[in-house]
Amino acid sequence: MKVLITGFDPFGGEAMNPAYEAVKLLPDTIEGAEVIKLEVPTVFGKSIDVLEAAITEHQPDYVITVGQAGGRFGITPERVAINEDDARIKDNEGNQPIDEAIREDGAPAYFASLPIKAIVDNIKKAGLPASVSNTAGTFVCNHLMYGLLYLIQTKFPNVRGGFIHVPFATQQVVDKPTAPALSIEQISKGLEIAIATTVTTAEDIKVQGGAIS
């Protein structure tokens with residue numbers, strides 16, 4: 001059994017990206033599954049190409065993509081990705097698509113096939129903040145999540161996959177005193193729990209995970 005887990009490189013003027021820094025700390029095996037770690041560029045288009053090449057090469061059973069959501073309080077598995085790029089800032093190669101479809105032949109949205117509520121429940125049981133997120137934004141994180149789920153729908157039907165957002169790392173908020181953060185070690189622990197839950201949970205739990213706004 002194989003799990004491919006990815007994290008982005010730094011973007012938006014940050015010196016680090018807690019997503020990939022936390023991914024690098026993960027064990028090489030979790031619950032008997034081989035863990036394959038991959039850094040992807042924070043670039044529209046190219047991020048999906050890099051991911052597809054890795055899926056083709058490694059043939060994983062599960063794919064978990066991870067990105068930074070500075071300002072969020074906890075680890076937040078995403079429920080859904082939308083077929084829309086609408087970049088507030090430029091990506092790492094200067095691209096800034098506005099109101100563009102990610103895949104012209106794709107569905108308006110795709111839902112994650114990870115057990116997101118069980119992941120949240122288990123992370124919280126470990127004493128770390130977590131919640132289900134119902135928006136992955138419209139930047140490269142949503143772009144990659146949508147691209148992954150499109151690939152699962154069209155090319156890799158036996159793969160289960162989704163996206164997890166993580167907050168700032170403590171090193172990033174030295175000059176942001178009101179911004180929530182977790183240590184890289186805490187974020188990595190949350191991702192380890194997410195992988196363990198994914199490979200041992202055939203069907204997600206049915207608990208409240210909605211939001212008013």
Going through segment 5-25 in order, the residues found to be in contact with a helix residue (DSSP H, G or I) (Cβ under 6 Å, 6 or more places away or on another chain) and either open to solvent by less than 10 Å² (accessible area, probe 1.4 Å) or basic (Lys, Arg) (or both) are Ile5, Gly7, Phe8, Pro18, Ala22
Filtering segment 75-92 down to residues that are part of a loop (DSSP other than H, G, I, E, B), open to solvent by 10 Å² or more (accessible area, probe 1.4 Å) and of a type outside the set (D, E, K, R) yields Asn83, Ile89, Asn92
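Would segment 115-125 turn up any residue that is in contact with an Asp or Glu (Cβ under 9 Å, 6 or more places away or on another chain) and small (Gly, Ala, Ser)?
Step one: of segment 115-125, the residues in contact with an Asp or Glu (Cβ under 9 Å, 6 or more places away or on another chain) are 115-119.
So of that shortlist, the ones also small (Gly, Ala, Ser) come out as 118.
Scanning segment 115-125 turns up at least one residue that is in contact with an Asp or Glu (Cβ under 9 Å, 6 or more places away or on another chain) and small (Gly, Ala, Ser).
If you scan segment 38-49, which residues turn out to be in a helix (DSSP H, G or I) and under 15 Å from the mean Cα position of the chain (by Cα)? So that I can check it myself, show each step before the final result.
First, pick out the residues of segment 38-49 that are in a helix (DSSP H, G or I): 46-49.
Listed by number, the residues that qualify are Ser47, Ile48.
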Only one of (1) part of a helix (DSSP H, G or I); (2) polar (S, T, N, Q); (3) surrounded by fewer than 21 Cβ atoms within 10 Å (Cβ to Cβ) does not apply to Asn142, and that is (3)
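For (1) in contact (Cβ under 8 Å) with a residue 24 or more places away in the chain; (2) more than 17 Å from Asp9 (Cα to Cα); (3) touching a strand residue (DSSP E or B) at 6+ places or on another chain (Cβ under 6 Å), each residue gets a yes or a no:
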site	(1), (2), (3)
Ala33	yes, yes, yes
Val43	yes, no, no
Ala54	yes, no, yes
Glu57	no, yes, no
Asp61	yes, yes, yes
Ala69	yes, no, yes
Glu104	no, yes, no
Ala109	yes, yes, yes
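Condition check ((1) at pLDDT below 95; (2) open to solvent by 20 Å² or more (accessible area, probe 1.4 Å); (3) over 21 Å from Phe11 (Cα atoms); (4) not in a loop (DSSP other than H, G, I, E, B)) across all residues:
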site: Lys176; (1), (2), (3), (4): yes, yes, no, no
site: Ala179; (1), (2), (3), (4): yes, yes, no, no
site: Ile187; (1), (2), (3), (4): no, no, no, yes
site: Glu192; (1), (2), (3), (4): no, yes, yes, yes
site: Ile195; (1), (2), (3), (4): no, no, yes, yes
site: Thr198; (1), (2), (3), (4): no, no, yes, yes
site: Asp204; (1), (2), (3), (4): no, yes, yes, no
site: Val207; (1), (2), (3), (4): yes, yes, yes, no
site: Gly210; (1), (2), (3), (4): yes, yes, yes, no
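Which ones in segment 116-133 are among the hydrophobic types (A, V, I, L, M, F, W, C) and either farther than 24 Å from Asp204 by Cα or open to solvent by 10 Å² or more (accessible area, probe 1.4 Å) (or both)?
So in segment 116-133, the residues among the hydrophobic types (A, V, I, L, M, F, W, C) come out as 116, 118-120, 123, 126, 128, 130, 132.
Selection gives Ile116, Val120, Ala126, Leu128, Ala130, Val132.
Residue-by-condition table, conditions (1) at pLDDT below 95; (2) surrounded by fewer than 20 Cβ atoms within 10 Å (Cβ to Cβ); (3) part of a helix (DSSP H, G or I); (4) under 15 Å from the mean Cα position of the chain (by Cα):
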| residue | (1), (2), (3), (4) |
| --- | --- |
| Val63 | no, no, no, yes |
| Phe73 | yes, yes, no, no |
| Gly94 | no, yes, no, no |
| Arg103 | no, yes, no, no |
| Ala107 | no, yes, no, no |
| Thr135 | no, yes, no, yes |
| Gly147 | no, no, yes, yes |
Contact list, first residue from segment 192-213 and in contact (Cβ under 8 Å) with a residue 40 or more places away in the chain, second anywhere and in a loop (DSSP other than H, G, I, E, B) and among the polar types (S, T, N, Q), beta-carbon distance below 7 Å, six or more apart or interchain, is Ala211/Asn134
Screening Ser47, Ser113 for residues that are at pLDDT 95 or above and either open to solvent by less than 10 Å² (accessible area, probe 1.4 Å) or on the phi > 0 side of the Ramachandran plot (or both) leaves only Ser47
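The values are calculated or read from the model by the stated rules, or taken from the named source; none is laboratory data. Note that this is a predicted model, so its numbers are computed, not measured. Quick reminder, even Gly has a Cβ in these numbers, built from the backbone with ideal geometry, and neighbours come from all protein chains shown. Side chains included, ligands, DNA and RNA excluded: accessible areas come from the protein's heavy atoms. Shrake-Rupley method; radii C 1.70, N 1.55, O 1.52, S 1.80 Å.
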